[in-house]
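Some notes on the structure that comes next.
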Amino acid sequence: MGWNMVLESDAWSMSRLEEELPGALFLSYEDLPSDLKQCFLYCSLFPEDYPMNRDELIRYWVAEGFVRRTQGDTIMEDLAEDFCRELIGRNLLQPCDEFGELSRLAGNYCKMHDLLRSLAHFLIHDESIFLGDHEQSPHTNPLSKLRRLSMVNTRESLEVPDVIKQQKCLRTLLVWSSYETKMVENELFKKLRFLRVMDLSKTRLEILPDSVGDLLHLRYLNVSTTGIKELPESIGCLVNLQILNLARCEFLHTLPKTITKLYNLRCLCVEGIPLTHVPKGIGKLKHLNHLHVFVIRHDDRRDDEGCDLKELQCLSQLRFLEINRLERTQPAGAPVFANGRFLKTLILNCNQQEDDAEATAIQKIDTIYNDLSPQSTHLHRLEINYFFGSRFPSWMMSTSLHVSFPNLTEIRLSVCKSCPQLPPLGLLPQLKSLYIKRAYAIKTIGPEFLGPRASSATTSFPKLEELEFTRMSNWEEWSFGMVEGVGEERRGAPRLLPCLSTLVLFGCPKLRALPEGLRHATNLQELNIYGADNLKEISNLPSLKYLIISNCPRLEHVENLDKLQNLFVRLETSTTDADGQTERLLQWLLELLGQHSLQEFKLGCSLPVLKTFLKDGPNWPIIQPIPMVWILECGHPDRSSSYIRYTKDPPNFEANVVESEEAVD
């Protein structure tokens, strides 16, 4: 009976839909709950193939009123996030990267298939419309009342079609790819008094008219990445405003004090802005759940105008918080985030300090960070940037780290230049991504990085998938403390890094060796090593498929990589031309090429090395079995580079050898 109803559904009748739209798509839409139908249709207001930032999409839905108010600790943004996951799970949205390339993983971007977008346009054409390039007026039923307008404006002044202004029903105005738009007439906002959502981002807008304060129904205002230099005081009249996005307005230095009157504000985004301070009173905005960024005090030391950390103590709904200029605060003497039990993302920034920071400043920043002590077990992401303390804060060095942060999935530690030891991050049960950059005081990474293991059954870094070390200029030794053949430690070794798939070492010139225990990272598939001047060996990685090696001049042995498929190598060009050195440097590479059934090989090298891979060269038989080969001469930006391109099937060999002037002479 149920299938008969489906078969007899009007969705299969092409009289209801445009001919090119399959009726099955309509069934997918019809099966959605009513809340999700609105969210799905709204996505058609984005340009075709546009990568939608999921965080922004969620804020649109909240501002439009598509998400019903929730009870308990769940906020509307949490529910909207579930909606987005549901639409992706039903294949009505496609996960992608920021450039629109499709991805199997649900990252922070998604897009709509063009057929689904056409379906959505068909279903909402009476109340919503997208005007592309050179479309000046909507082609709609004159009796319909348009409530949502998404458009590309190519003029210097923002123009809305007269028919829409006359209807006075517009609720949503989204402007895309309008790089010529520099101004909005004061009269325009007076004619669009019922706007709830307005996005003028990525335009050249310089002034926001005072009449913006007349938009009393406005819930969402996005003027990010524009040329705005100041906001009008009238913005404080927007009593219903929930989202204010000012990110990357590089000429905006201050916020009006009236911003503290926006009592319904849920999201304030001011990242990438040279703000001197945040107005006092921001702590009165009790509904704030996303604050990006909070600047401590005032650049000109006007303590009567800037904020201190105590302003944050009343913001108990915060999920996302980034703090700048932490060195300007004073030690609190108590946990600062005692009320921040719902925090999911925490980013802590100091201003970059000179190398000779005073001892008193170092002692002060140590105390400040110890007092921060996040209390949220919901924390998913933690970043610490430009920290110049003498050691990582005590709440990070704790052996109960796994109890304090059971859900932490991503950590970024950047320019923590005076900390001699890393925290025991191996204890974190859900950590998936770890990035450590410019930790100049680190010379040795040992078993303390894994954390104390109560027994051999304990797994270190049980969920870690990505591990990256960048510009660790003094790092010499990396050890897991595991000695092959030593009873209990050997039994525990295979439980190390069981999910690690990608390891990146960039700019670690003093590192002498990879850790012995890395062979037990049985899921490691990609290894990228750049500028490891003292590294001599890469071996015994049984699952490795992708290997990138760049400028590792002392490398002698690369072996026992049984599953290697893709090899990318850049040789140090300055050492390959001297007599005898070319042969020694290439020995490990030629042996590796001869031992593996590679699918792809790329090489950057000097011209003499490149010539050895030509068809009449001694190394041609070695690369001939490889399906895809690309060899490029490096180190000559002043002229065209020589290259070799080769594919086995279909057979194709292309070579271009450009001799230097010295060689010709």
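The values are calculated or read from the model by the stated rules, or taken from the named source; none is laboratory data. These numbers were taken from a predicted model, which means no experiment stands behind them. Glycine also receives a Cβ, built like all others from the backbone with ideal geometry; neighbour counts cover every protein chain displayed.
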Hits in region 37-85 - residues which are free of Cβ contacts under 8 Å to residues at least 24 places away in the same chain and of a type in the set (Ser, Thr, Tyr): THR70, THR74
For the subset of region 180-202 comprising residues that are touching a residue at least 40 places away in the same chain (Cβ under 8 Å) and among the basic types (Lys, Arg), which member is surrounded by the fewest Cβ atoms within 10 Å (Cβ to Cβ)? LYS182
Set TYR60, TYR29: member being surrounded by fewer than 22 Cβ atoms within 10 Å (Cβ to Cβ) and among the aromatic types (Phe, Trp, Tyr): TYR29
Among the residues of region 203-251 satisfying the criterion of being in contact with a Lys or Arg (Cβ under 6 Å, 6 or more places away or on another chain) and polar (S, T, N, Q), which is surrounded by the most Cβ atoms within 10 Å (Cβ to Cβ)? SER224
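Considering ARG193, ARG155, which residue is in a loop (DSSP other than H, G, I, E, B), over 29 Å from the mean Cα position of the chain (by Cα), over 19 Å from LEU221 (Cβ atoms) and assigned by TED's automatic domain parsing to the domain that holds PRO209?
Of the residues listed, the single one that is in a loop (DSSP other than H, G, I, E, B), over 29 Å from the mean Cα position of the chain (by Cα), over 19 Å from LEU221 (Cβ atoms) and assigned by TED's automatic domain parsing to the domain that holds PRO209 is ARG155.
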Hits in region 537-566 (condition: surrounded by 15 or more Cβ atoms within 10 Å (Cβ to Cβ) and among the basic types (Lys, Arg)): LYS545
Give the residue that is surrounded by the fewest Cβ atoms within 10 Å (Cβ to Cβ), with candidates limited to residues of region 633-642 that are touching a helix residue (DSSP H, G or I) at 6+ places or on another chain (Cβ under 8 Å) and either assigned to a strand (DSSP E or B) or at pLDDT 75 or above (or both). CYS634
So which of LEU92, LEU102 is more than 20 Å from LEU32 (Cα to Cα) and either in the same structural domain as CYS39 (by TED's automatic domain parsing) or among the basic types (Lys, Arg) (or both)? LEU102
Could you name every one of the strands (runs of 3 or more DSSP E) located completely within region 513-569 that has at least 1 residues being polar (S, T, N, Q) and closer than 19 Å to GLU465 by Cα? 526-530
Counted residues, region 406-449 - those being assigned to a loop (DSSP other than H, G, I, E, B) and farther than 24 Å from TYR386 by Cα: 4
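Just give me the residues in region 102-124 being of a type outside the set (Gly, Ala, Ser), surrounded by 13 or more Cβ atoms within 10 Å (Cβ to Cβ) and touching a strand residue (DSSP E or B) at 6+ places or on another chain (Cβ under 6 Å), in sequence order.
Matches in region 102-124: TYR109, CYS110, LYS111.
Yes/no per residue for (1) of a type in the set (S, T, N, Q); (2) modelled with pLDDT under 95; (3) in contact with a helix residue (DSSP H, G or I) (Cβ under 7 Å, 6 or more places away or on another chain):
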site	(1), (2), (3)
LYS437	no, no, no
LYS443	no, no, no
GLU448	no, yes, no
PHE461	no, yes, yes
LEU464	no, no, no
GLU468	no, no, no
ASN474	yes, no, no
GLU477	no, no, no
ARG519	no, yes, no
Exactly one of LEU401, LEU434 is of a type in the set (A, V, I, L, M) and closer than 18 Å to SER479 by Cα, and that residue is LEU434
Quick check: is even one residue across region 532-539 more than 26 Å from LEU450 (Cβ to Cβ) and either at pLDDT below 95 or among the basic types (Lys, Arg) (or both)? yes
Go through region 393-405 residue by residue and tally those that are part of a loop (DSSP other than H, G, I, E, B) and touching a Phe, Trp or Tyr at 6+ places or on another chain (Cβ under 7 Å). 1
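Taking GLU48, is it assigned to a loop (DSSP other than H, G, I, E, B), at pLDDT 90 or above and farther than 28 Å from LYS344 by Cβ?
For GLU48, the condition - assigned to a loop (DSSP other than H, G, I, E, B), at pLDDT 90 or above and farther than 28 Å from LYS344 by Cβ - is met.
Within region 15-38, can one find any residue that is over 24 Å from the mean Cα position of the chain (by Cα), of a type in the set (A, V, I, L, M, F, W, C) and modelled with pLDDT of 90 or more?
Checked region 15-38: at least one residue is over 24 Å from the mean Cα position of the chain (by Cα), of a type in the set (A, V, I, L, M, F, W, C) and modelled with pLDDT of 90 or more.
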Would you point out which residue out of GLN375, GLN363 is assigned to a helix (DSSP H, G or I) and more than 21 Å from the chain's Cα centre (by Cα)? GLN363
Would region 93-101 turn up any residue that is modelled with pLDDT under 85, under 21 Å from ASN222 (Cβ atoms) and loosely packed, with under 14 Cβ neighbours inside 10 Å? no
Take the residues in region 577-607 that are closer than 23 Å to TYR646 by Cα and part of a loop (DSSP other than H, G, I, E, B), then tell me which one is modelled with the lowest pLDDT. HIS596
Before we move on, is PRO452 modelled with pLDDT under 90, in a loop (DSSP other than H, G, I, E, B), more than 21 Å from the chain's Cα centre (by Cα) and within 30 Å of GLY389 (Cα to Cα)? yes
Region 486-512, subset out of contact with any strand residue (DSSP E or B) (no Cβ under 8 Å at 6 or more places or on another chain) and in a loop (DSSP other than H, G, I, E, B), residue modelled with the lowest pLDDT: VAL486
